[in-house]
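What follows is a set of notes on a single structure, which appears directly below.
The values are calculated or read from the model by the stated rules, or taken from the named source; none is laboratory data. Note that the structure is predicted; figures quoted are calculated from it, not measured. All Cβ positions, glycine included, derive from the backbone under ideal geometry; neighbour counts span all protein chains shown.
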Amino acid sequence: MEKTHVAIVGMGTVGTGVARLLLDHGDRLARHAGRVLWLTKALVRDLSKDRGIADFPSGILTDNLEEILENKQISVVAHLIGGIEPARTIMLQLLESGKDVVTANKALLAQHGGELFDRARSLGRTIAFEASVGGGIPIIANITQCFTANQIISLRGILNGTSNFILTQMSERGVDYDRALATAQRLGYAEADPTMDVNGSDTTQKLAILAHLAFGVRIDWKEIYRQGLESFTIEDIRYAEKLGYRIRLLATAQLIDDNLELHVSPTLIRNGRPLAEVRGPYNAITVVGDAVGDMFFHGQGAGQMPTASAVVADMIDTAAGRTDITFRRLQLWSDRQCEIEMIPYWKTIGRYYMRYLVADEPGVLSQITGILGSHRISISSIIQHEPTESSEPNKVPLIIMTHECSESEASRAHEAIRALQSVDSECYKLRVTEG
Ligand code: NAP
Ligand code: HSE
């Protein structure tokens, strides 16, 4: 059988998983590719570091990128280093030296997709990126190939395994935030800098990629409204549970009258709905197409082998020539005209959960409901708890669930309530969804 010589750049969590699949399951991969994927080189920074692969063939590991760039036999490279630089420069070097690239680096694509895809197209090369969103879930292939008879109407998803792992550890096992994050790092779910995981940046980068594929919009991910885990506390998780909801970091892309709403926000999702049931490092995405209706994708969104599964599938498709066809037809990140306009976040409509710590005095509740009424916000439920032993003296928590209203009215009302003398400045406002 013919050989395709392949290389790996970056032998961390994902790169090591890719090497394992190539070395341990070569026959299986060859059956699907119609050719052998022959691991020729693997680039690392530190040659002395243990990669956890006992029978690694000698001569493959290198700390010299030139050995890959100058090797004319190598045609497909899995680019598995994170961040922007030197990842961007290395990807350009790989394309310029005639390699087709497979990557999992969503930060790089969300920021420099236009430049990288233009360069690949002009050089006649390809970039495959299934692993950049949803880890092992084949969401990119589904959107770019299987939904093409549809106008996608909405995409809603849990797209970050680390933050979902932290949330479920905190809510279901009572683990504190720092320990849950440390475990996510140890298990290989988190980015090298986990700030991107927990502040919603990683989810927003993935949303920007999905929105581009599904709706053709080319948006700077930093322009998408984003909130992360810092915008609520364990107490909100507990109050949400009492109300019959779970908090999840939700990415939303929704067409409304041919305009697009995009945001990433911790959201109370009604218990029993599929997205509320997503636990641990799992991700899930609901896609609604005008012909196909609702679809639900669920699987491990982070971790070594699920991500390696997506990377190696892309390597097989690239070696077999399938990537080339889709890559050229799709004209990804090109300057194609897009008619869809963004809906500013403040104009979006939603239901809200609001939590305040208020003085336990006459008239406070009526002040707060008065403010909501003056902003035309209708209350769906309101709960004022008795003070507990651990409460501050004369302070009680107040939780309000609203009916639908605009984000701008909800924010203005929230700020006006926060400014009341009888209300503590530490207060919270989260979106709510029933499905
Ligand atoms: P990682 O464990 O931090 O591994 C990155 C590897 O890149 C390290 O082994 C590092 O080498 C190597 N590296 C960095 N700069 C290099 C350079 N200049 N030259 C050679 N090697 C270099 O990261 P990861 O978790 O595998 O993630 C890799 C990519 O996949 C990231 O873009 C990430 O966002 C994405 N991703 C990760 C997951 C996941 O679950 N982990 C899932 C989906 C996507 P040394 O080991 O020698 O320092
Ligand atoms: N750090 C990312 C996550 C890896 O936790 O989801 C997968 O993209």
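Is it the case, given these coordinates, that Gly134 is in contact with a Gly (Cβ under 9 Å, 6 or more places away or on another chain), surrounded by 22 or more Cβ atoms within 10 Å (Cβ to Cβ) and assigned to a loop (DSSP other than H, G, I, E, B)? So Gly134 fits the description; yes. Candidates are the residues of segment 88-119 that are of a type in the set (A, V, I, L, M) and closer than 18 Å to Val6 by Cα; the one that is surrounded by the fewest Cβ atoms within 10 Å (Cβ to Cβ) is Leu92. The residues of segment 123-148 that are within 11 Å of ligand 2 (Cβ to nearest atom) and among the polar types (S, T, N, Q) amount to a single one, Ser132. Filtered by the rule that a residue be assigned to a helix (DSSP H, G or I) and under 20 Å from Thr323 (Cα atoms), segment 27-61 gives Arg28, Leu29, Ala30, Arg31, His32, Ala33.
Identify all residues within segment 120-138 that are touching a strand residue (DSSP E or B) at 6+ places or on another chain (Cβ under 7 Å) and more than 12 Å from ligand 1 (Cβ to nearest atom); write none if there are none. Scanning segment 120-138 gives Ala120, Arg125, Thr126, Ile127, Ala128. Filtering segment 83-111 to residues that are at positive phi and away from ligand 2 (no atom under 16 Å from the Cβ) leaves only Gly98.
Here is a yes/no grid of residues against (1) assigned by TED's automatic domain parsing to the domain that holds Leu213; (2) under 30 Å from Ile224 (Cβ atoms); (3) surrounded by fewer than 16 Cβ atoms within 10 Å (Cβ to Cβ):
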position	(1), (2), (3)
Ala30	no, no, no
Thr40	no, no, no
Arg45	no, no, yes
Ser48	no, no, yes
Gly59	no, no, yes
Leu65	no, no, no
Gly82	no, yes, no
Phe129	no, yes, no
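If the condition is being of a type in the set (D, E, K, R) and more than 18 Å from Ala419 (Cα to Cα), then segment 338-385 contributes Glu339, Glu341, Lys347, Arg351, Arg376.
So that you can scan it fast, the table gives a plain yes or no per residue for (1) within 26 Å of Tyr245 (Cα to Cα); (2) in the same structural domain as Leu398 (by TED's automatic domain parsing); (3) at pLDDT below 95:
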{"residue": "Arg273", "(1), (2), (3)": "yes, no, no"}
{"residue": "Tyr282", "(1), (2), (3)": "yes, no, no"}
{"residue": "Thr286", "(1), (2), (3)": "yes, no, no"}
{"residue": "Ala310", "(1), (2), (3)": "no, no, no"}
{"residue": "Ala320", "(1), (2), (3)": "no, no, no"}
{"residue": "Ile349", "(1), (2), (3)": "yes, yes, no"}
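Here the condition is being within 20 Å of Asn105 (Cβ to Cβ) and touching a helix residue (DSSP H, G or I) at 6+ places or on another chain (Cβ under 7 Å); of Ala253, Ala284, Ala302, it holds for Ala302 alone.
Those residues that are in a loop (DSSP other than H, G, I, E, B), of a type in the set (Gly, Ala, Ser) and within 16 Å of ligand 1 (Cβ to nearest atom), I need them from segment 271-303; list them, please. Within segment 271-303, Gly280, Gly301, Ala302, Gly303 qualify.
Here's the yes/no breakdown for (1) in contact (Cβ under 8 Å) with a residue 40 or more places away in the chain; (2) surrounded by 15 or more Cβ atoms within 10 Å (Cβ to Cβ); (3) more than 30 Å from Asp258 (Cβ to Cβ):
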position: Gln145; (1), (2), (3): yes, no, no
position: Ile152; (1), (2), (3): yes, yes, no
position: Asn160; (1), (2), (3): yes, yes, no
position: Ser171; (1), (2), (3): yes, yes, yes
position: Arg179; (1), (2), (3): no, no, yes
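Each residue in segment 184-204 was checked for being touching a residue at least 24 places away in the same chain (Cβ under 8 Å), over 15 Å from Lys106 (Cα atoms) and more than 8 Å from ligand 2 (Cβ to nearest atom), and 4 of them qualify. Scanning segment 219-230 for residues that are buried (at least 16 other Cβ atoms within 10 Å of the Cβ) and modelled with pLDDT under 95 yields a single hit, Ile219.
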